[in-house]
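Take a look at the structure set out below.
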Amino acid sequence: LHLLSRRQRQMCIRDSVIGDEKIMLQGIIDTGNQLVDVYAGKPVNVMDKSYFEGVLYQINDYGRLKYHIIPYTTIGNNEGMIEVITSDCMYISNSNETKAYKGALIGLSGRKVSQNGEYQALINGHMS
């Protein structure tokens, strides 16, 4: 995933969801995203589900991804539920460094996270 933060820092993320399967998306670090998985106690990164459907379709074992659903609230929406999977590793890079996050959580949004399509991922503010 290539990311731009609200401070306009160039960022790059690459999710390895299953073995060698990688999903590349545009995204931003969203300091307003404070979503935490109530079961794992870890931050959740919200991404467009449509980019993961091909990989999810190939998976026979959702337990491997630790698939589950958690409650969440967004601006402009009341409470809802979001599907969550666990990546093998997520890499976040800027011009100076790359950080690896093993077992990073991905919330699969059924709605686009950017209305104009500029980005497809909201990286949790706790990950920056």
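Could you run through region 84-128 and say how many residues are among the hydrophobic types (A, V, I, L, M, F, W, C), part of a strand (DSSP E or B) and crowded, with 19+ Cβ neighbours inside 10 Å?
10
Can Leu25 be described as surrounded by 14 or more Cβ atoms within 10 Å (Cβ to Cβ), at pLDDT 80 or above and out of contact with any Leu (no Cβ under 6 Å at 6 or more places or on another chain)?
Criteria not met by Leu25.
Picking from Ser93, Ser87, Ser50, which residue would you name as being among the polar types (S, T, N, Q), over 18 Å from Asn124 (Cα atoms) and under 15 Å from the mean Cα position of the chain (by Cα)?
Going through Ser93, Ser87, Ser50 in turn, the sole match is Ser50.
Being exposed (fewer than 15 other Cβ atoms within 10 Å of the Cβ), of a type outside the set (Val, Ile, Thr) and either assigned to a strand (DSSP E or B) or modelled with pLDDT of 90 or more (or both): is that true of Gly80 here?
Criteria met by Gly80.
If you check every pair at least six apart or on different chains, which have Cβ atoms under 9 Å apart with a residue in region 115-126 that is at positive phi first and a residue that is surrounded by fewer than 21 Cβ atoms within 10 Å (Cβ to Cβ) second?
That search, which allows pairs on different chains as well, returns Gly117/Gln26.
I'm checking my understanding of the structure. Among residues of region 54-77 that are of a type in the set (Val, Ile, Thr) and open to solvent by 90 Å² or more (accessible area, probe 1.4 Å), which one is modelled with the lowest pLDDT?
Checking each candidate, the answer is Ile75.
The values are calculated or read from the model by the stated rules, or taken from the named source; none is laboratory data. The model shown is predicted, which means the values in this text are computed figures rather than measured ones. Because the Cβ atoms are built from the backbone with ideal geometry, glycine has one as well, and the counts that use them run over all protein chains shown. Accessible surface is based on the protein model in full, side chains and every heavy atom, while ligands, DNA and RNA are left aside. Shrake-Rupley method; radii C 1.70, N 1.55, O 1.52, S 1.80 Å.
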